[in-house]
1. In degrees between 0 and 90, to the nearest 10, how far off the longest principal axis of the chain does helix 19-31 point, with axes built from Cα atoms?
2. Counting Lys and Arg as +1 and Asp and Glu as -1, each charge on the Cβ, what is the dipole of the chain about the Cα centre in debye, to the nearest 20?
3. Could you compute the net charge surrounding Leu28? Neighbours are other residues with a C-beta less than 12 Å from the C-beta of Leu28; K and R count +1, D and E count -1.
4. So what is the accessible area of the chain per residue, in Å², with the probe set to 1.4 Å?
5. Quick check: the angle from helix 68-81's long axis to the longest principal axis of the chain, C-alpha only, nearest 10 degrees?
6. Starting from a Cα-only point model with no solvent, please compute log10 I(q)/I(0) by Debye for the chain at q = 0.17, 0.22, 0.23, 0.25 1/Å.
7. Per residue of the chain, what 222 nm ellipticity follows from adding -39500 (n - 2.57) for every DSSP H run with n ≥ 4, rounded to the nearest 500?
8. Out of the total accessible area of the chain (probe 1.4 Å, heavy atoms of protein only), what percent is carbon and sulfur?
Amino acid sequence: MPAGPSTLADLRKAGIITSQEVVAAIDLYLRDPAAGPYRFASGHSIDIAALVNATPAFGAVDRSGPQEKAFRTVLAAAVMAAHPTPP
């Protein structure tokens, strides 16, 4: 793995975080944006709400109805590129 903080995608590729955990983190955020950081079994955590709030493009995306799938896809890409907090 590269030196310095790894992205969630790097941790996923290394088998440190599972795809199911990534889906669970996104599902939790979509159900309750105020739920706080998601902690992975590895001890890493990610605050998806903070990521969304820090990314201006998310403000223009409709999160409901037929656009929900598109929002989820964009959110998943942003989450995978994010640097989770180490354990």
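1. 40
2. On the way: 7 positive and 7 negative charges, 24 e Å.
So the dipole magnitude of the chain works out to roughly 120 debye.
3. Details: positive: Arg31, Arg39; negative: Glu21, Asp27, Asp32, Asp47.
Charge balance near Leu28 sits at -2.
4. Working: 5140 Å² over 87 residues.
Counting only protein heavy atoms, the per-residue value for the chain is 59 Å².
5. It works out to around 30 degrees.
6. -0.67, -1.09, -1.17, -1.35
7. Working: 4 runs with 39 residues, N = 87.
Result for the chain: -13000 deg cm²/dmol, rounded to the nearest 500.
8. Its accessible area is 59 percent carbon and sulfur atoms.
The values are calculated or read from the model by the stated rules, or taken from the named source; none is laboratory data. A quick note: this is a predicted structure, and the numbers were derived from the prediction, not measured. A quick note on method: Cβ atoms are made from the backbone with ideal geometry, for glycine too, and the neighbour counts reach across all protein chains shown. Accessible surface is based on the protein model in full, side chains and every heavy atom, while ligands, DNA and RNA are left aside. Shrake-Rupley method; radii C 1.70, N 1.55, O 1.52, S 1.80 Å.
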